[in-house]
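A short worksheet on the structure shown next.
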Amino acid sequence: MTAADIPVPKGMRYDERRQFLLPQGLVARHLPSHPLFPRPKRTSQAVAFDEMSGNTTLGVHMSQVAPGGMKPGHRHLDEAVFYIVSGHGWSELKQSDDAPVQRVDWKAGDMLSIPANAWHQHFNGSADEPALQLAFKNTRLLRKLFGSRDFVYANEFRLADRYNDEDDYWDSRTELADGYIAQNRIADVANVPLRDAPDAGRLVSMEKYRMGGHLMLDVVAVELGRKGHVKAHRHLVEEALLAVKGHFRTLIWHENGREELIEWGEGDILFPPLNSWHQHFARGHEPVRYVAVRNVFLNRAFGLDDHEMGTVLPDRYPDVLEPDLDRDLPPRA
Ligand SMILES: [Fe+2]
C-alpha cells in the first residue's frame, strides 16, 4: 500500500515530496499509537510534527525502525536528539571514516544525541516489534539559512570539537560552569534525578542538558511536584514539550486575544506557539514530568544565556552614545 491509498486524517496533511504525514495544531496525542504513513525513501513509516504551531526552525519526526531492521547509515550537519517512544535497539556512531563504530543500546524512555555530521546508523533490536524513535532536529533552519540540501547532507567538514571518536562519548557526564550537564545519553529520562529550581516556579525541579555538543538544540527535563507549576513565561524559541510522566494542564495565551487551556499527559507532545505566554500546571497526586527540546539559536546569536524562562530581546540601548575624543573634526561640506 502506498501513501496515496491512505486517507489523510482530518487536521493533517501529506507532503508527497518529503513523504511526510504532517499533523497541524498545538498538541499531538499518544505518540505510541499515533498514525504513521509509509516513507519509501527511508524504507520507514513516519509522521513529522514540523508544522505544529506553525514552527519553522524545530523539526520533530517520529519514525519506525522495522522489526529486525535498520535505518540507512548517514551523516547530516543538523543537530539531532532522539527520544525512544517504544521498542529497543542500538545505534552505531563514528566520526572519522576509518574509526571503529561506537555502539549504544537504547530502549523506550531513553534519550540520546547524534553529534552534528557524525556518521550513525540505527538498528532495531527486536525481530518482532517495531521501534519508534522521536527525533528533534534543527534541519529546517539550516536548510532555510543555507538554501542547500547538500550543505546539510553531503558536507565534508567534520566538527571534531564536538565529537572526535572519544571512547566515553555515550557514558560521559560533565557539569558545566553555566549549570548545564553535558551528557549524550540519558537513560530513562522520566526517572533521572533533577535539581530543585525554585526560580522556575512552585515545586519545580529540573536539569538542563547540552547533548551532542549541540549549540542550537537545548534539552531540559522538568518535574512538577503535586500542585506545582512553572511560572508563566514566553520566549523567542520554538519548543516541543514531551510529557514523560503524569498529566498537565497548560494555559497558553497571546496578545492577539487567543487563549487555550490544554489538558495533556504522558505520551503527548505540546508545541506552545512562538512567543505566546504559557504556564504548565501539575495534575493528579504524583509528581509529573516533561522534557522540552528547543531551538535556541536566537538566544545564542544575541548572546543571551537565559534560555529557560526566556528573555525576549536584549536591551542594546548603549549608555555611551559615542566616544569622547579630544580632537578637531574636519568641517562638514
Ligand atoms: Fe516554555
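Computed from the coordinates by the stated procedures, all read-outs in this text should not be read as laboratory data. As the structure is a computational prediction, the values presented were derived from the model and not from experiment. Neighbour counts run over all protein chains shown; Cβ positions are idealised from the backbone, glycine included.
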Legend entry - Reciprocal of mean inverse Cα separation for the range 1-140 (Kirkwood radius, Å): 15.6 Å
Legend entry - Efficiency of FRET between His247 and Leu215 - r from beta-carbon atoms, R0 30 angstrom, step 0.05: 0.35
Inset, instruction - Could you tell me the largest-minus-smallest coordinate of the C-alpha atoms of the range 228-272 on each of the three principal axes, in descending order and whole angstroms? - result: 31, 20, 18
Legend entry - Helical contribution to [θ] at 222 nm, DSSP H n ≥ 4, -39,500 (n - 2.57), averaged over the chain, rounded to 500: -1500 deg cm²/dmol
Inset, instruction - Mind checking the full-extension length gain between Arg103 and Val192? Use 0.36 nm per residue of separation minus the Cα-Cα distance, one decimal, nm. - result: 29.8 nm
Legend entry - Contact order normalised by residue count of the range 3-174, Cα under 8 Å, 6+ apart, percent: 22 percent
Legend entry - Label point distance in nm, Ala182-Leu313, each placed 7 Å from Cα along Cα→Cβ: 3.4 nm
Inset, instruction - Compute the length gained on full extension between Arg283 and Val320: take 0.36 nm times their separation in residues and subtract their Cα-Cα distance, giving the result in nm to one decimal. - result: 8.3 nm
Legend entry - Long-range Cα-Cα pairs in the chain (distance over 27 Å), rounded percent: 47 percent
Legend entry - Distance between the range 38-93 and the range 161-216 - C-alpha centres, whole angstrom: 22 Å
Legend entry - Reachable lysines from Lys208, criterion Cα separation under 28 angstrom, eight or more residues apart if same chain: Lys94, Lys107, Lys137, Lys144, Lys227, Lys231, Lys245
Legend entry - Nearest-0.05 FRET efficiency for Glu175 and Thr56, computed from C-beta distance (R0 35 Å): 0.60
Inset, instruction - For Ala301 paired with His30, estimate the spin-label separation in nm (one decimal), with each label point 7 Å from Cα along the Cα-to-Cβ line. - result: 4.0 nm
Legend entry - Calculated FRET efficiency for the pair Met12/Asp128, C-beta based, R₀ 30 Å, to 0.05: 0.55
Inset, instruction - Hey, could you grab the Kirkwood Rh for the range 186-302? Inverse mean 1/r over distinct alpha carbon pairs, Å, one decimal. - result: 14.5 Å
Inset, instruction - Note down the nm distance, to one decimal, between modelled labels 7 Å out along Cα→Cβ at Leu261 and at Leu329. - result: 6.0 nm
Legend entry - Per-q log10 I(q)/I(0), the range 44-114, q = 0.14, 0.23 Å⁻¹ (Debye; single scatterer per alpha-carbon; no solvent): -0.53, -1.28
Legend entry - Gain upon complete extension [Glu156, Ala232; 0.36 nm per residue less C-alpha separation]: 23.0 nm
Inset, instruction - Could you pull out the GluC sites (Glu not before Pro) across the range 188-278 that fall in loop regions by DSSP (anything but H, G, I, E, B) with no more than 15 other Cβ atoms inside 10 Å? - result: Glu255
